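These notes are about the structure you will find just below.
Please treat every number below as a calculation from the coordinates, not as lab data. Since we're looking at a predicted model, the values are computed, not measured. Glycine gets a Cβ as well: all are built from the backbone with ideal geometry, and neighbour counts include every protein chain shown.
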Amino acid sequence: MAVKDFNIRYEEFSSVEEMLPEDQELVAAAIDAQKGSYSPYSNFQVGAALKLDNGLIVRGANQENVAYPSGLCAERVAMFWAGANYPDAVMETLAVAGANAGVLCESPASPCGACRQVMAEYQKKQGKPMKIILVGSKRIRKYSCVDDILPFIFDSLKMR
């Protein structure tokens, strides 16, 4: 038996003003995207903003449904829309912001496992890392690739 450590690196900011201008723009777009949230059951609004290599910023917001789990997370709304409409574009950076009852959460909202796996699939498809920015009012975290938020990514299935 061997005991091993697993470490990740990320940048942490106490305010958006500390970030690069292009990241500030993406964070603002993710927060603004929360306006499109349909969340009458959880009252938890999530906005996502996805920057493509063609310069376009695609937005998504969580969409709930009384017939749970028929809704969809903001991250997947943005990624699926971008994948369907710009299939050859590289998804460079995805920013995610969550709010409770319209108030931005202090700690960054963290994507669910399904969203992380979809991020991993797109990252693998494009052959380039997708940066992830998780936004909170007191703390913002930036990861250099999906692997940092989904270690040991499921990719063992070989589809024929």
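Observations on the model:
- Scanning segment 45-82 for residues that are closer than 14 Å to V96 by Cβ, in contact with a Cys (Cβ under 9 Å, 6 or more places away or on another chain) and not in a helix (DSSP H, G or I) returns V46, A48, G60, N62, C73.
- Counting residues in segment 137-149 that are under 23 Å from Y38 (Cβ atoms) and either surrounded by 13 or more Cβ atoms within 10 Å (Cβ to Cβ) or within 11 Å of the chain's Cα centre (by Cα) (or both) gives one or more.
- For segment 25-40, a residue qualifies if it is surrounded by 12 or more Cβ atoms within 10 Å (Cβ to Cβ) and in a helix (DSSP H, G or I), and the qualifying residues are E25, L26, V27, A28, A29, A30, I31, D32, A33, Q34, G36.
- Total residues in segment 78-123, condition over 18 Å from Q24 (Cα atoms), surrounded by 15 or more Cβ atoms within 10 Å (Cβ to Cβ) and either in contact with an Asp or Glu (Cβ under 8 Å, 6 or more places away or on another chain) or not small (G, A, S) (or both): 15
- Annotation: L72 fulfils all but one of (1) touching a residue at least 12 places away in the same chain (Cβ under 8 Å); (2) of a type outside the set (S, T, Y); (3) surrounded by 13 or more Cβ atoms within 10 Å (Cβ to Cβ); the unmet one is (1).
- A48 vs. criteria crowded, with 16+ Cβ neighbours inside 10 Å and touching a helix residue (DSSP H, G or I) at 6+ places or on another chain (Cβ under 6 Å): yes
- Candidate set: segment 110-156, residues that are in a loop (DSSP other than H, G, I, E, B) and β-branched (V, I, T); chosen: the one farthest from L20 (Cα to Cα): I153
- Residue list for segment 96-118, restricted to those being touching a residue at least 40 places away in the same chain (Cβ under 8 Å), aliphatic (A, V, I, L, M) and out of contact with any Lys or Arg (no Cβ under 6 Å at 6 or more places or on another chain): V96, A97, A99, A101, L104, A109, A114
- No other residue among N65, N43 is of a type in the set (S, T, N, Q) and free of Cβ contacts under 8 Å to residues at least 24 places away in the same chain apart from N65.
- Condition check for I31 on (1) without any contact (Cβ under 8 Å) to a residue 60 or more places away in the chain; (2) β-branched (V, I, T); (3) out of contact with any helix residue (DSSP H, G or I) (no Cβ under 8 Å at 6 or more places or on another chain): one failure, at (1).
- Applying the criterion of being in contact with a Ser or Thr (Cβ under 7 Å, 6 or more places away or on another chain) and aliphatic (A, V, I, L, M) to the residues of segment 1-49, the residue that is nearest to R141 (Cα to Cα) is L26.
- Filter result for E22 (touching a helix residue (DSSP H, G or I) at 6+ places or on another chain (Cβ under 8 Å), in a helix (DSSP H, G or I) and either acidic (D, E) or under 18 Å from C105 (Cβ atoms) (or both)): no
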